[in-house]
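Notes follow the structure.
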Amino acid sequence: MTVALLILGAYAIFMWLVFYKFRWLKFNIAWGVVSFWVGFHVLFLLVVFMRFYTPYTIDGHVIRQTIQIAPRLPHPTVLEEVFVAQNQKVKKGDKLYLFDKTLYEAQLKEAEANLASARQNALILQQDIVLAQEALQEAQANAQYATDQVNRYTDLVPRGGAKQETLDKWTSQQTSANAQVAEAEADLKKAQLAADAQYDGVNAEVASAQAQVDQARYYVDQTTILAPEDGVIISQQARPGLVVGGFRIGAIAAFVADADPYFLATFYQEHLKFVEPGQPVEVALDIYPGQIFAGKVKSIWEGTGQGQIVPHGRVPEFLFMSPQGRFAVEIDLDEDPALKRYPAGAHGAAAIYTGGGGDWVAVLRRVNMRLYAWVNFIVPFDV
């Protein structure tokens with residue numbers, strides 16, 4: 001818009017010089033129509049060339065990754081200490097918040113006691129196998145002795161060397177001994193099955209108890225919230241006495257990370273016709289009036305929310321007059337690729353130079369960008 005007004009002003013001055021200052025031509029209705037027609041087409045072509053060969057937007061922002069600081073505690077828990085202040089820089093691993101540990105330390109002790117008991121039970125299961133093996137050996141020995149006695153008396157009774165009653169007694173004992181062998185074998189198998197109940201090579205009861213210990217220790221660790229990486233705490237509203245956990249799902253603070261920021265500018269879709277990654281860019285940030293930052297196009301986000309239909313039970317509505325979505329272009333700034341100087345949300349204008357349309361198009365856009373940058377010294381007018 002600024003460049004269009006400048007062009008109109010320059011053309012008006014030129015017409016004034018021709019018709020009124022130097023009177024090279026005499027102004028009349030015909031020359032008026034011609035002058036208007038020429039001026040309109042010149043302006044129209046300039047605007048079209050600039051829109052497509054040097055796309056421009058005033059909707060650019062510095063974007064920084066944010067992490068929602070949300071306690072992960074299963075029970076209502078009181079916040080005891082806050083180690084960070086509003087807008088404070090922190091390093092990865094710094095303490096941010098400390099919650100009451102009483103309940104979770106008690107649960108950890110209980111889980112550790114259950115683990116010790118499970119390990120003892122696992123040792124007992126091994127001893128049960130040994131006892132079952134000894135009982136089986138004893139039953140097998142008794143059964144073998146009873147069998148030998150039955151065989152002996154079976155030879156003696158027909159020859160009158162022993163009574164039939166004695167043979168019947170040993171026959172009965174043999175049957176009982178064989179039953180004891182079967183019972184001992186079943187007990188041994190049961191003991192082995194109990195000992196073989198394992199998960200990933202560890203006794204199942206011990207593995208279950210260890211999992212409970214790990215879970216309890218995890219929640220003890222979660223009572224202290226540490227900085228996930230280098231950054232700054234924004235919107236720190238938590239104070240000692242705050243109760244979290246249970247059904248609370250919201251965050252208690254926003255953490256803005258230092259790493260991986262980027263500059264994002266949105267453009268109308270048709271203006272990106274000739275834009276490609278690697279093309280030069282100029283950015284004018286409002287927080288640095290009068291300065292122009294050079295950069296390059298990193299990527300084009302070819303998608304908007306209008307291209308997504310969220311699953312729901314209603315038939316989608318398509319409004320004919322709804323405004324089109326703008327595509328975002330990610331830009332790398334040459335001077336400070338890490339964007340350490342720029343806070344999250346810093347606003348500015350951006351222009352992409354595709355190289356088409358001739359050098360004069362780029363010159364006009366560069367003038368436009370510098371006008372924007374210098375006007376930032378007085379805009380907004382809130383003196």
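The values are calculated or read from the model by the stated rules, or taken from the named source; none is laboratory data. Note that the coordinates shown come from a computational prediction; the quantities given were computed from them, not determined experimentally. Quick reminder, even Gly has a Cβ in these numbers, built from the backbone with ideal geometry, and neighbours come from all protein chains shown.
Only one of these is charged (D, E, K, R), under 25 Å from VAL206 (Cβ atoms) and either touching a strand residue (DSSP E or B) at 6+ places or on another chain (Cβ under 9 Å) or surrounded by 12 or more Cβ atoms within 10 Å (Cβ to Cβ) (or both): ASP168, ASP187. Name it.
ASP187
Of the numbered conditions (1) of a type in the set (Gly, Ala, Ser); (2) at pLDDT 80 or above; (3) within 17 Å of ASP59 (Cβ to Cβ); (4) surrounded by fewer than 15 Cβ atoms within 10 Å (Cβ to Cβ), GLY305 fails exactly one; give the number of that condition.
Only one criterion is unmet by GLY305, namely (2).
Is it true that ALA85 is among the aliphatic types (A, V, I, L, M) and outside the structural domain of PRO228 (by TED's automatic domain parsing)?
Considered against the rule, which asks whether it is among the aliphatic types (A, V, I, L, M) and outside the structural domain of PRO228 (by TED's automatic domain parsing), ALA85 comes out as no.
Per-residue answers, yes or no, for (1) at pLDDT 80 or above; (2) among the small types (Gly, Ala, Ser):
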{"residue": "ALA113", "(1), (2)": "yes, yes"}
{"residue": "ASP128", "(1), (2)": "no, no"}
{"residue": "GLU134", "(1), (2)": "yes, no"}
{"residue": "ALA146", "(1), (2)": "no, yes"}
{"residue": "GLY161", "(1), (2)": "no, yes"}
{"residue": "GLN164", "(1), (2)": "no, no"}
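Is there a residue in the stretch 308-321 that is within 26 Å of TYR53 (Cα to Cα) and either surrounded by fewer than 17 Cβ atoms within 10 Å (Cβ to Cβ) or in the same structural domain as VAL367 (by TED's automatic domain parsing) (or both)?
Taking every residue of the stretch 308-321 in turn, none turns out to be within 26 Å of TYR53 (Cα to Cα) and either surrounded by fewer than 17 Cβ atoms within 10 Å (Cβ to Cβ) or in the same structural domain as VAL367 (by TED's automatic domain parsing) (or both).
Quick grid of which residues meet (1) within 30 Å of LEU242 (Cα to Cα); (2) aromatic (Phe, Trp, Tyr):
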| residue | (1), (2) |
| --- | --- |
| LEU96 | yes, no |
| ASN121 | no, no |
| ARG152 | no, no |
| LYS169 | no, no |
| ASP187 | no, no |
| ALA191 | no, no |
| TYR199 | no, yes |
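Do we have ALA338 as at pLDDT 85 or above and within 25 Å of PHE293 (Cβ to Cβ) here?
Judged against the criteria, ALA338 is not a match.
Mind listing just one residue for me: the one in the stretch 260-298 that is in contact with an Asp or Glu (Cβ under 9 Å, 6 or more places away or on another chain) and of a type in the set (Gly, Ala, Ser) and, of those, surrounded by the fewest Cβ atoms within 10 Å (Cβ to Cβ)?
In this case the residue turns out to be ALA294.
Take LYS296 and decide whether it is touching a helix residue (DSSP H, G or I) at 6+ places or on another chain (Cβ under 7 Å) and basic (Lys, Arg).
no
Tell me yes or no: at least one residue of the stretch 109-125 is surrounded by 13 or more Cβ atoms within 10 Å (Cβ to Cβ) and in a loop (DSSP other than H, G, I, E, B).
Within the stretch 109-125, not a single residue is surrounded by 13 or more Cβ atoms within 10 Å (Cβ to Cβ) and in a loop (DSSP other than H, G, I, E, B).
Testing ILE225 on (1) within 30 Å of THR54 (Cβ to Cβ); (2) in contact (Cβ under 8 Å) with a residue 60 or more places away in the chain, one condition comes back false. Which one is that?
(1)
Within the set of pairs 6 or more residues apart or between chains, which connect a residue that is under 11 Å from LEU188 (Cα atoms) inside the stretch 131-143 to a residue that is assigned to a helix (DSSP H, G or I) and of a type in the set (D, E, K, R) with Cβ atoms less than 8 Å apart?
Partner pairs satisfying both residue conditions: ALA132/ASP187; ALA132/LYS190; ALA135/ASP187; LEU136/GLU185; LEU136/ASP187.
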